[in-house]
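Contents: one structure, followed by commentary.
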Amino acid sequence: MKSILLLFIAIPFVGLAQNSDVISVTDRNSKESVSFRKVTTSDEGKMIDDQQVDDVIYKKINNNFYKRVIPQNIINVTWFGNTSDAIQKAVDFASVNLGPWRRAKYSIYLPEGTYVIDKPIKITNVEGIHIYGGGIGTLLEIKENTKISSVFELNGTAYGVYENFYFGGAPGSSCDNFIYIYWGDKKSDVQPVGYPKRSSTQNSFTNIRNISGRFKDAVRIDGHNQNDMSMWYNCSFNGNWTPKETDFFRSAFNLGDGKAGNNLIHNFQNSYIVGVKNAFIFGGVGGSITGGGASNVDTYIVRNNPNETLLVSGVRLEGTSRIYRNEGYLNGIHEYPDNVTFQNLWYSASGSQYDYFDSAADGILIFHGGGTLNIIGSTFTYFPKDKKMRIKLSGAMNNNFHNALNIIGSNIPEKFENLFIVDLWARASVNVIGSNETADGGMKMGNHVHQWMKDFNYKSTFLPIK
């Protein structure tokens, strides 16, 4: 009688465990107990089949499908492992299981730890994806003796948020870019069938840096079609560039290539760049750089075929050869004159262990290729011995444009000899207002203008004291 009673009690219990809507399973990586809920359809309402069973998000038990209960819709990458394949699986899941407005429903979390990267992680055709790490303890490190094109490839992605992780490279490794942003076939405004149907736009990046690794351009944004309005907050990159380096550390940010008219603007706040040839390359794009600075770089900003205005504000540069180089206005995308403003800039050539000034032997600190250049409230100091500094204004190759250099309230030291150089064809004016003298007995600004054409206009005035 007792045996019969025990059997009666046990049978319902077993049936409940096998057919319950919620079951508990031990996670194979974390060893924690995880809840799974019985389902028949995915987040998008599609029927679940065996192809989706990965034993991480989906399981199949007794011909029933179960989906992992994901608290706060946060996917922990370590559920899949700690490799680029693991991150890719998390990205793929988040990219197809979407929420309202067909935007990413799930965030992807990279807990502290080292993730071994041996191939690019591709984020394609998704809006609103959120990938974040645990800060300095989250390291995406390229595998030893491995060469890859990039760590993250963003193709046709928009409104994404990427934050709080670091890049690195094990010995013998390298990449072209840590982050590469492009769209589709890289040439068509309307993409062919099978390619992402929208541009890569308005993605934001916060607290992203590298602690090691060899790269060509830490960030590359393709310029063949529209990849615009990216936002970068406290993102800094460092390399080991020297004047003899030709393969790596070309730039921290290489944006556009001067061809696509809708690459528009990109904005940076508190980005500090160390040890690259060029901190920023702006190819047919504009935007703003606010705060931060650079050291041990050859040229802070290289710009070609300007399209949009550029503002540089509150930046500290040391151990830097050139501040800005735009060697000619070569019929920009929309044939607009350029407009660049430097304000509250602090510049010093000292602080570098290398003689970067070999690449600026002509002493031209700022080379503006046409349009308007404004220098406001800025300080220039600590130049190399026996170097004379100049600012050159090169005229736009278009007689409809007027070119102007305006220096307002800035510290101009005596090291500036023949301060302004203006090309023969430039229709130009130079205006200096309220700028301080640093030479003994005062600096005669008029003697520091090299006038190369008859309609060149130079004015040196001080605001009246009231």
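The values are calculated or read from the model by the stated rules, or taken from the named source; none is laboratory data. Every value quoted in this text rests on a predicted model; they were computed, and no experiment measured them. For neighbour counting, all protein chains shown are included, and Cβ atoms are generated from backbone atoms with ideal geometry for every residue, glycine included. The protein model used for the area step is the full one, side chains on, heavy atoms only, and it has no ligands, DNA or RNA in it. Shrake-Rupley method; radii C 1.70, N 1.55, O 1.52, S 1.80 Å.
Relative contact order, whole percent, for region 189-308 stands at 23, derived from Cα pairs under 8 Å and 6 or more residues apart. Measuring only protein heavy atoms, the 1.4 Å probe finds residue 117 accessible over about 0 Å². With the whole protein complex present, residue 195 retains an accessible surface near 100 Å², based on a 1.4 Å probe. Distance between the pseudo-spin-label points of residue 267 and residue 350 (7 Å out from Cα toward the beta carbon): 3.6 nm. Here region 207-305 is treated as a sphere whose radius is the Kirkwood value from Cα pairs; by Stokes-Einstein at 10 °C and 1.306 mPa s it diffuses with a coefficient of 119 µm²/s. Placing +1 on the Cβ of every Lys and Arg and -1 on the Cβ of every Asp and Glu, with nothing else charged, gives region 192-310 a dipole about its Cα centre of roughly 180 debye. Treating r as the C-beta distance of residue 144 and residue 433 and R0 as 56 Å, the FRET efficiency rounds to 0.45. Going by accessible surface with a 1.4 Å probe and the largest first, 392, 216 read 216, 392.
On the accessible surface of region 23-121, probed at 1.4 Å, how many percent belong to carbon and sulfur atoms? It is 47 percent, rounded to a whole number.
Rolling a 1.4 Å probe across the protein heavy atoms gives region 123-198 an accessible surface of 39 Å² per residue. Of the trypsin sites (Lys or Arg not before Pro) found in region 242-304, the ones in coil according to DSSP and having at most 10 other Cβ atoms within 10 Å of their Cβ are 244.
In plain terms, the chain from residue 43 to residue 112 could stretch by 22.0 nm, reckoned as 0.36 nm per residue minus the Cα-Cα distance. The length gained by stretching the chain between residue 83 and residue 382 to full extension, at 0.36 nm per residue less their Cα-Cα distance, is 102.9 nm.
Of the whole protein surface, residue 123 contributes about 0 Å² of accessible area at a 1.4 Å probe radius. Under the convention that each Lys and Arg Cβ holds +1 and each Asp and Glu Cβ holds -1, the size of the dipole of region 269-328 around its Cα centre is about 60 debye.
The modelled label-to-label distance for the pair residue 174/residue 54, using points 7 Å beyond Cα in the direction of Cβ, is 3.3 nm.
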